[in-house]
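The block underneath contains the structure these notes are about, expressed in structure tokens.
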Amino acid sequence: MSKLTVPALAALFLAGSAAGALADKVGADWMPIGQVIQKVEAAGYTQISEIEADDGHWEGEGMKDGKPMKFKADPRTGAILSEKAGK
């Protein structure tokens, strides 16, 4: 599996938003997705495979400590709000 870079993930996100694929809209005061990805990576996540706006926060999936995890991040700070085991 190839690792997506922050610019590649941002491009995927923008393509999805152009197609109307987002569950919610990104707020004007939200941290840009590239910065959120950096914060999530700093919190120990790798191989972030999905990230989108959902129910007023950033929601995504990635690997943490070698395990698939799902996370929710604060839209303004990028801080992890919650996480749980993924698939």
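The values are calculated or read from the model by the stated rules, or taken from the named source; none is laboratory data. Just so you know, these numbers come straight off a predicted model, no measurement behind them. Areas reflect the complete protein model, heavy atoms only, side chains present, ligands, DNA and RNA absent. Shrake-Rupley method; radii C 1.70, N 1.55, O 1.52, S 1.80 Å.
Enter the accessible area per residue of region 33-85 (Å², integer; probe 1.4 Å; all protein chains in place).
So region 33-85 comes to 52 Å² accessible per residue, rounded to a whole number.
I'd like the per residue volume of the convex hull spanned by the Cα atoms of region 34-73, given in cubic angstrom.
In region 34-73, the Cα hull volume divided by residue count equals 56 Å³.
Using only alpha carbon pairs under 8 Å that are at least six residues apart, calculate the relative contact order of region 33-85 and give it in whole percent.
So the answer I get is 30 percent.
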